[in-house]
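Worksheet: the structure to be examined is printed underneath.
Every number in this text was worked out from the coordinates using simple rules, so none of it is lab data. Since this is a predicted model, take the numbers as computed values, not measurements. Backbone-built Cβ (ideal geometry, glycine too); neighbour counts: all protein chains shown.
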DNA sequence: GCAAGGTC
């Protein structure tokens, strides 16, 4: 390990770039890899060294259960609490692990520049895991602690390197394990329980999570408040006066009364007196403070309430503004600027902006204010503009968010708003009334943030002791009204207050409960819970209210904080918390009938749901199509559910039946005007090897129909056999020797590349190591089937000299002399001859009855024989 | 098909 080589790893590419720029004074060379790598020479701990700076992209790993526990039907969710867990690369395609280990080779020092929070600390250990940090490597490990990516902070961190904090990292491991086990166990159980029971449950997955469920809880709590609200009538005495030409309505000190007779009595007293006396005039200068720096939560709240953007969209737009360099990093909890913040420079960038440039110029000339102190969590500075932009440059949505970020920033360094508040008090008939006026002295920040302006209200002149005649005394009748549905912005506040989610994940949880159909976003971005959302929360409330209370998150947080502080052992804390949740889970399962009673009242059983569509092949009675998600067929007689492809329409297909199972065929059409259609048999679709076939076909599942034909999206076929109308989604590559049906890639064994006949399940095993298969235009002279080309992975091919291509007919077991010889010359067969086992030899997986073509062929080579 | 947390 070279001691004069230092590798530094940041949490994301942009931070690596900033660190490298500062430490190299811009004199570094940059190379593209999984994430950019910057290299330069410099001083480290008093030595001249070679530096390399690169980054991860957030967490390198995520946790999940091993394969064995992935099957929903064979795994009891209760077992998940004790199941092992494994870490796998969060984004395997990014190859971060390989990247880090390669780049760190030969580097004797590692400096970890991950964000300074628990997650960052955890990623430190992920990085160490990737590059190896065992004793043998003898690499020195350092942790840089910094609260912003400014030159000052970076240099300070370099001078004060510490060790990574194992306890904090372990607390994140604990959270990950607890969240995974609890979330997945409850989700699998309640999904399986309710989905197989009710037809009009409009949800594919009925999820549970220690963040998402309390989030839903807030929305339902407000709904229940509204629902149980009893409006009440109230009355208020409202005297009017004419003063110096102004008509003025006075406010009652008692505000309102809920007893009509008493209110009438007071009205009479006031009317009988008829003369108001001015008892007090209080004039006071007040001020409205400029805002403190903008953090993510406040950005999301404004985006929702003022711009009408949902949190998910707001974050997407902010992310784009950030990557384009218009604003600073948008995920931060801090509302205080770091002491080193360059206000003059940030303002200076806006002086030529056509919208607020002149205001900024004036602010710079008159002297901007020091911002109000806020909280500095030590993560990132508040969200601020970097480059100036116009609406034309950004487009409408991004502009509106950018405009807010700019005006908010300018507001934070503008003067406070100052105004005079005048309160005039009156007495009449023993009752007291008042009126309030506002006169603005200094608009301050409200001139750039006009929606926060103090509204001017002029009052006519009064003198203390002055007597004024009442012009009219009304008895106003009103009705108390329920609160409105929880607004998204209120929900964000509640989540923040209760520690549900983080700046980066709050928007995800809100989006989750919308996508799972627990709440709907109504006009004005109010969140209205659906029947499913309400029933779930009411169910938890009657079985175990803890399950939907925000305390469940605080409990986990508090427990893992013990680990983070080194006050408790990681393993014991995890065991303790899981033990508690396991008990809660068992009790929940035992009591599920109580929740089910609520579901029964709200949803209809499968038998009563859906429309009659097609005949069951077993009982020959009609089955019902349940169109709500997940789309499926239900046979009332057999009590069987047959799942269908999702997100499309389904109809009866020509009243044809499947020759294999007698189920009536259906035709599925994907959404959209040019949505493709394909026929299918509901029974085969749910049976191996076709089970879940749509998961293989990205385009069917999620992509627009235009993607069909590319990659995983494949065209659809009916078996060409005259008596076989069996159907499937597949790529037809060859004819079946048994029935001439289409041979298709078998989805179960993919990517092992078995071929399977759609009609008779005749399976053809292709050579192992084949990693691509394609059709040629050639036909087999023996059986007239399409000739396939199989491409081998060089590592596994038995061929010598790197030959990687076969051409042949899989049906006659024949490699075609002419074709292969044409391509590779005669020596090809010699080389291959020794490996053949001849026709008829079979290997596992081949289930065909093997009629073959009846013709002997040479040489003794077979695709099946591999 | 499942959680929550990073980041893109």
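Observations on the model:
- Whether the stretch A:296-415 is rounded, prolate or oblate, judged on the alpha carbon gyration tensor where a/c under 1.5 counts as rounded: oblate
- Extension gain for residue A:567-residue A:601 works out to 7.4 nm (0.36 nm per residue, less the C-alpha to C-alpha distance).
- Share, in percent, of DSSP beta bridges within the stretch A:2-164 that are antiparallel, nearest 5: 50 percent
- Averaging the sequence gap over all C-alpha pairs within less than 8 Å and six or more residues apart, then dividing by the number of residues, gives the stretch A:309-452 a relative contact order of 25 percent.
- The stretch A:423-490 and the stretch A:395-413 have Cα centres separated by 31 Å.
- Fewest-first sequence of A:423, A:538 by Cβ atoms within 10 Å of each Cβ: A:423, A:538
- Relative to the current alpha-carbon distance between residue A:515 and residue A:93, full extension at 0.36 nm per residue lengthens the span by 149.3 nm.
- Residues residue A:546 and residue A:192, FRET efficiency given R0 of 25 Å [Cβ-Cβ distance, rounded to 0.05]: 0.65
- Sorted fewest first by neighbouring Cβ atoms within 10 angstrom, A:299, A:486 come out as A:486, A:299.
- Take every Cα pair under 8 Å whose residues are at least 6 apart in sequence, average their separation, divide by the length of the stretch A:574-630, and the relative contact order is 21 percent.
- Using a simple spin-label model with pseudo-atoms 7 Å out from Cα toward Cβ, residue A:41 and residue A:474 lie 8.5 nm apart.
- Under 13 Å from a label point set 7 Å out along the Cα-to-Cβ vector of residue A:420, the amide N atoms of the stretch A:275-289 belong to A:282-286.
- The relative contact order of the stretch A:128-287, computed from alpha carbon pairs under 8 Å that lie at least 6 residues apart in sequence, is 11 percent.
- Where the Cα pairs of the stretch A:2-164 fall when distances are cut into 10 Å bins, in %: 10, 38, 30, 12, 7, 2, 0
- Residues in the stretch A:588-602 that a label on residue A:228 would reach, taking backbone N under 20 Å of a point 7 Å out along Cα→Cβ: A:594-599, A:601-602
- The stretch A:61-80-the stretch A:601-615 distance, computed between alpha-carbon centres (Å): 31 Å
- Fraction of C-alpha pairs exceeding 20 angstrom in the stretch A:233-312: 62 percent, rounded to a whole number.
- Taking label points 7 Å from Cα along the Cα-to-Cβ direction, residue A:27 and residue A:441 give a separation of 5.6 nm.
- Sorting A:63, A:424 by the number of Cβ atoms found within 10 Å of their own Cβ, with the fewest placed first, yields A:63, A:424.
- Of every Cα-Cα pair in the stretch A:389-432, the percent that sits beyond 12 Å: 74 percent
- The calculated FRET efficiency for residue A:283 paired with residue A:467, based on their beta-carbon distance and R0 = 22 Å, is about 0.60.
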